[in-house]
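A.B. asks: Here it is: the structure, laid out below.
The values are calculated or read from the model by the stated rules, or taken from the named source; none is laboratory data. Treat the numbers as computed from the prediction; the structure is a model and nothing was measured. Heads up, the Cβs are rebuilt from the backbone with ideal geometry, glycines too, and the neighbour counts pull from every protein chain shown.
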Amino acid sequence: MLDITDWEITFENMEGILRGELHLDTEMMPDFGGMSYGVDGKVYSPFGIAQPILAMPFYLAGLAAAKVVPQLPERIVTRTAVMFFNLVLGALTCAVLYLILRSLSLRPTAGYAGALLYGIASPAWPYARTFYANPLAGFLLLMIVWYLYRARWEGNLRAALWAGAFAGLSLLVRHQFTIVAALGGLILLIPRENTRAAWVAALRLVAAYAPSVSLAMILWGWHNDVRYGSWMRMAGSDWQRIGDTPIWRGLATLFISPGKGLVWYAPVVLLAPLGLSLLWRRHRGFAACCLVMIGALVLLYSSITVPGGHWCWGPRFMVDILALLGVAVAVAFDRWANWARGTRVAVGLLIGASVAVQLLGCSVNVMHTYRRINDTGASPQHHEFEWRYSPLVNAAIALATEMRWTPLDLSVLRSGSPPKDFRRDLRRTLDYWPALAWRVGVPWPVLLLFPIQLLVTGLAFRQAGRVVRAGPVTPPAQGAEG
């Protein structure tokens, strides 16, 4: 099985759709929570339908790979293949982020810095190794904001169409993005000037934006009606209700708590306020779109039942806005040459700490970290403001004292669902492919593929940098838009 309830539910939902069914086959996960029962008594996924559909090519690739390695059970190979979905998506997000930064007239160095800081100095890295929907939601939010900006401040109808398409898709990924889709329409509806021509232009943009969003709303309502007998009932509303947490406490949880605070899990985001202020001066329209979307989602997530997102690495719901924060951090980094030496040292320490935290999150299985906290008798979500129960502290202790390198007995995988003892032992593996491959007995020549892959990737980045530097110069930034 996949290691987290949400991942397994999404995977089972994907298999069900391929069978022509929307309900889940719960035989492989009898003790899982987080599922919802429909009006027909069957179990349904409380999550959106888009990610299971988008990940199907990875599943089909896993089916093909399972025929090549018959010694491993098909369910293990297909789940492993599906886990590459967010890895590919993370790389795509970094590439798109770089292109957007260059389009905003930032230097290539700042563009590279923004993409790399998002990729290796934020929780986007640990979450790229999961099957959560948040990386996909974050990518879609970045695309929505970019095309809203181009549509609203350039009057570009094609950009409005793309903004609507991405907004509609985001509704089918996370129903919380209803607020994003609504705000997108409002941003396009407000004219730049109070004239008839400006109002007509705004209405044309809304007309281009609305069809995709409306279609997504219909599909979402139909999906809810099939599951719960009501078009308006939100999936998952039984355990993540809006208004259950005071906003002040939710904000403290999301930003400064030892258990979930973003400033601890990605210290480099402390540069985001400076970056947003600089972005406001250079590209006011884009900064305004970012602030509206970030503010709306932060307020929403700070008020739900569990703002921190249960057993996961850091503030999971903040992954939705990380790419937008990455733009702000890159804009701040663009001023690197103007900073005093002491400022550069301080920023370098922030970046180093951020990368170290992500390495920690990638090195230790998050379920092992939370089991370690849970074994003390403490409920992690009720002790998020105590450092001794922080996943950061407990993951560091586990990394130093509890990792294992002894071979694993893979014969238990052929007899059905792996026993709990096997899963607990597996979670004590350093959470990287070479370490896992070593424990399952992969020959050492095969392990050489990993450093070769890193070398090839590095050479590809170097060549890409040469191409960019030899390309046309990006035009200078224009004055702030109105």
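A.B. asks: Of the residues G342, G326, which single one is surrounded by 22 or more Cβ atoms within 10 Å (Cβ to Cβ) and modelled with pLDDT of 90 or more?
C.D. replies: None of the others qualify; the one that does is G326.
A.B. asks: Keeping to the stretch 92-109, report how many residues are under 22 Å from the mean Cα position of the chain (by Cα) and either on the phi > 0 side of the Ramachandran plot or of a type in the set (A, V, I, L, M, F, W, C) (or both).
C.D. replies: Count: 8.
A.B. asks: Oh, and also: For the stretch 53-170, which fully contained helices (runs of 4 or more DSSP H) count at least 1 residues that are of a type in the set (D, E) and in contact with a helix residue (DSSP H, G or I) (Cβ under 8 Å, 6 or more places away or on another chain)?
C.D. replies: Correct list: 74-82.
A.B. asks: Also, I was wondering about something else. Can you name the residue in the stretch 215-232 that is of a type in the set (G, A, S) and under 17 Å from S170 (Cβ atoms) and, of all such residues, is surrounded by the most Cβ atoms within 10 Å (Cβ to Cβ)?
C.D. replies: A216
One line per residue, one yes/no per condition, for (1) within 21 Å of T305 (Cβ to Cβ); (2) at pLDDT 90 or above; (3) crowded, with 17+ Cβ neighbours inside 10 Å:
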site	(1), (2), (3)
V357	no, yes, yes
V366	yes, no, yes
T369	no, no, yes
E384	yes, no, yes
Y389	yes, no, yes
N394	no, no, yes
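A.B. asks: Here's another thing I want to ask about it. Please give the number of the condition L271 fails out of (1) outside any helix (DSSP H, G or I); (2) under 21 Å from V145 (Cβ atoms).
C.D. replies: Among (1) outside any helix (DSSP H, G or I); (2) under 21 Å from V145 (Cβ atoms), the lone unmet condition for L271 is (1).
A.B. asks: Determine the pairs where a residue that is within 11 Å of L215 (Cα to Cα), located within the stretch 162-178, has a partner that is outside any helix (DSSP H, G or I) with Cβ atoms under 8 Å apart, the partner being 6 or more residues away or on another chain.
C.D. replies: L171/G48; L172/G48; L172/I49
A.B. asks: Report, ordered by the first and then the second residue, all pairs with beta carbons closer than 7 Å, sequence separation of six or more or different chains, a first member in the stretch 132-157 that is over 21 Å from F11 (Cα atoms), and a second member that is assigned to a helix (DSSP H, G or I) and of a type in the set (S, T, N, Q).
C.D. replies: Sorted first by the residue in the stretch 132-157, then by its partner, the pairs are L141/S170; L142/T93; I144/S170.
A.B. asks: If you go through the stretch 171-184 one residue at a time, how many are part of a helix (DSSP H, G or I) and either surrounded by 21 or more Cβ atoms within 10 Å (Cβ to Cβ) or touching a Cys at 6+ places or on another chain (Cβ under 7 Å) (or both)?
C.D. replies: 6
A.B. asks: For the stretch 240-251, does any single residue satisfy the condition of being buried (at least 17 other Cβ atoms within 10 Å of the Cβ) and closer than 28 Å to A346 by Cα?
C.D. replies: Among the residues of the stretch 240-251, at least one is buried (at least 17 other Cβ atoms within 10 Å of the Cβ) and closer than 28 Å to A346 by Cα, which makes the answer yes.
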